[in-house]
Amino acid sequence: MKRALTPGTFDPITSGHLDIITRAAALMDEVVVAVASSEKKKPLFDLEKRVELARQATSHLPNVRVVPFDGLLVDFARQIDAAVVVKGLRAITDFEYEFQMTALNYQLDRELETLFIMSPPQHMYLSSSIVREIASMHGDVSRFVPPCVDEALKAVFDAR
């Protein structure tokens, strides 16, 4: 069985993330969406909420499961027996960062492959940080995120 690992902070999960996860699910037997704790990034949503939102957003994909993780990606990949890490690329700046991470991961585990999936044009500008910023100003983000995320963002920012 070919198992892929799609890691990220997912704060929150966006339509762009879902596109990459859905396309990876079509290629692999199983996709594990690994939600990183990422405490240094000071996420808007706690880890439990980010996992819950990702599970709701991917519930229509039978070969996708969502789990929390902390620590080195290569260690987690070994733990779940993942053969490949799947990452989405939006722009040149993504490539530079992901290229560096891939090179470092290769030094830590030469058997772990990385597969890059290019974002389609409608998602190339989309990021969790942009979604959070628009939502913080009470802008409509419903076309950028799954409905469960739209509701969660409204709950956070309407309370402020």
Requested in this report: Determine whether Val85 is surrounded by 17 or more Cβ atoms within 10 Å (Cβ to Cβ), under 12 Å from the mean Cα position of the chain (by Cα) and in a strand (DSSP E or B).
Outcome: yes
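Let's see how each residue does on (1) among the basic types (Lys, Arg); (2) surrounded by 13 or more Cβ atoms within 10 Å (Cβ to Cβ); (3) modelled with pLDDT under 95:
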site	(1), (2), (3)
Ile92	no, no, yes
Glu98	no, yes, yes
Thr102	no, yes, yes
Leu115	no, yes, no
Leu126	no, yes, yes
Ser136	no, yes, no
Pro146	no, yes, no
Query raised in the report: Filtering the stretch 7-37 down to residues that are among the small types (Gly, Ala, Ser) and surrounded by 17 or more Cβ atoms within 10 Å (Cβ to Cβ), which residue is nearest to His123 (Cα to Cα)?
Result: Gly16
Report task. Of the numbered conditions (1) without any contact (Cβ under 8 Å) to a residue 40 or more places away in the chain; (2) buried (at least 16 other Cβ atoms within 10 Å of the Cβ); (3) of a type outside the set (Phe, Trp, Tyr); (4) assigned to a loop (DSSP other than H, G, I, E, B), His60 fails exactly one; give the number of that condition. Result -> (2)
Query raised in the report: Restricting attention to the stretch 104-121, does a residue exist that is closer than 21 Å to Ala54 by Cβ, out of contact with any Pro (no Cβ under 9 Å at 6 or more places or on another chain) and in a helix (DSSP H, G or I)?
Result: no
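Residues to consider are Val67, Val35; find the one that is closer than 20 Å to Phe116 by Cα and part of a strand (DSSP E or B).
Values: Val67 fails: closer than 20 Å to Phe116 by Cα.
Exactly one of Val67, Val35 is closer than 20 Å to Phe116 by Cα and part of a strand (DSSP E or B), namely Val35.
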Report task. With respect to Arg78, determine if the residue is under 19 Å from Val33 (Cα atoms), in contact with a Leu (Cβ under 9 Å, 6 or more places away or on another chain) and modelled with pLDDT of 95 or more. Result -> yes
Query raised in the report: In the stretch 71-79, is there at least one residue being over 30 Å from Arg160 (Cα atoms) and acidic (Asp, Glu)?
Result: yes
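The values are calculated or read from the model by the stated rules, or taken from the named source; none is laboratory data. Bear in mind the structure is a predicted one, so any value in this text is a computation, not a measurement. Positions of Cβ are generated from backbone atoms using ideal geometry, with glycine treated the same way; all protein chains shown enter the neighbour counts.
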